[in-house]
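Structure first, then comments.
A short reminder: the numbers here are calculations on the coordinates, not readings from a lab. Owing to the predicted nature of the structure, the values given are computational and were not obtained by experimental measurement.
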Amino acid sequence: MSYQILSRKYRPQTFAEVVGQGHVTRTLSNAIASNRLAQAYLFSGPRGVGKTTTARIIAKALNCMAFPAPTPTPCGACDSCRDVTAGASMDVLEIDGASNTGVDNIRDLREQVKYVPLQSRYKVYIIDEVHMLSNAAFNALLKTLEEPPPHLLFIFATTEAQKILPTILSRCQHFHFKRVGRLEMIAQINQIAAKEGITIGERALSLVAKASEGSGRDALSLVDQVVAYGGAEVREEDVVAILGVVDREGFATLTRAIRDKDAAGAIAAVRALLDHGHDVKLLCADLVEYVRRGVDMMDCVLPTRNARNGYLFTSTGSLHIRNAVYARDARPLDERCGCAVCRRYSRAYLRHLFNAGEISAAILATHHNLYFYLDLMRRIRTAIREGTLDELANQVKMGEAAE
């Protein structure tokens, strides 16, 4: 195939290009510059965050022929650098730990490491998914790790560091790779999209960054997929269609129904989302984030509109706490609510805070509104799980009628 996927085409080739792992790249750069490299490194962290990529950069830094000694900034143009990039170097060996798990494989490796490099300064062994090695294989590697030949460097990569034997861990310098932050991910995708002539909207970028879960490789794979689906102009609708997530309109319909105390409408909205195949747990998690972030909330529950302006939700409907009728009202905001605001403060006190312009008033109101909203979502989720949606709708209607 002539096409090269984005995650391979834009794979970082220097420490400076690695995204979101500054604590790792800075330490390794300084170690190479000062000639203080360890004999073995363990890179752990989630998938697609740069573990194997960083291992390859180390191999290039040690063996770059454009410099008389190892350098933290390999040229990328010499024969050694090009061979490492292409995976063709005879002195940089990448081993899949999942398919070389036995002690016999490690014995063969121990025999190979004795020989000096053929073309480079160092022999570098990169063992991916090293946690898949058997205990016997790990034990066979101990002596070589502790006293390796001077021309040898081991780099282990794993997504499950807890499965590595303590005796191995104690012989390695351990670096933990973290998930790439949302803003860093968006900036990286934007930069690559500009080079490729791809236009991605802000909302579409945010959805891709969120769906990648901090994995740079997953993010670029999603961009490839979305571009194949909708072309060089990536819209939010395209990303929603590919990911199968709920769009903002679906959440807006549900939150409007909850705001208006329309139990039948809320249940119908949830049922419509379930009919589209959305997972209940993911649906609830996305809805909570939608509420928390205040994305197009249609005057629902967040401080940007309701709480800040004094509109609060109760089991009998919304009320405006600034109203003079609450000046001497010693009742709690909502006697049926279990939040800290309703347990501690009266309506009269909250009205006093709002009228005095205290910032704590909006904070307390936001706390109550979020508690009320999420409690209602919990009840809906339980009803979905137990198959009692209709009963919940009837209970809500009876509660309204009783008031």
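Overview of values
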item	result
Degrees between helix 51-63 axis and first principal axis of the chain (Cα, 0 to 90, nearest 10)	30 degrees
Helical mean residue ellipticity (222 nm; -39500 (n - 2.57) per DSSP H run of 4+; nearest 500) of the chain	-16000 deg cm²/dmol
Cut-off under 5 Å, modelled amide H: who pairs with residue 92 long-range	124
28 Å Cα-Cα threshold exceeded, pairs from 210/281; 143/163; 123/163; 123/143; 114/178	114/178
Other-chain or far-sequence residues with amide H under 5 Å of residue 41's (modelled H)	154, 155, 156, 173
Value of D in µm² per second that Stokes-Einstein yields for region 1-56, Kirkwood Rh from Cα pairs, at 37 °C (0.692 mPa s)	258 µm²/s
Binned Cα-Cα distance frequencies in region 199-274 - 5 Å width, integer %	3, 16, 22, 17, 12, 12, 10, 6, 1
Placed amide H near residue 164: partners under 5 Å, 5+ positions off or other chain	none
Per-selection Rg to Rh, region 2-134 - Cα, Kirkwood hydrodynamic radius	0.95
Helix 389-402 vs. the chain, principal-axis angle (Cα, 0 to 90°, nearest 10)	40 degrees
Kirkwood-type radius of the chain, with distances r between different C-alpha atoms, in Å	25.5 Å
Helix axis angle, 182-196 relative to the chain longest principal axis, alpha carbon, degrees	60 degrees
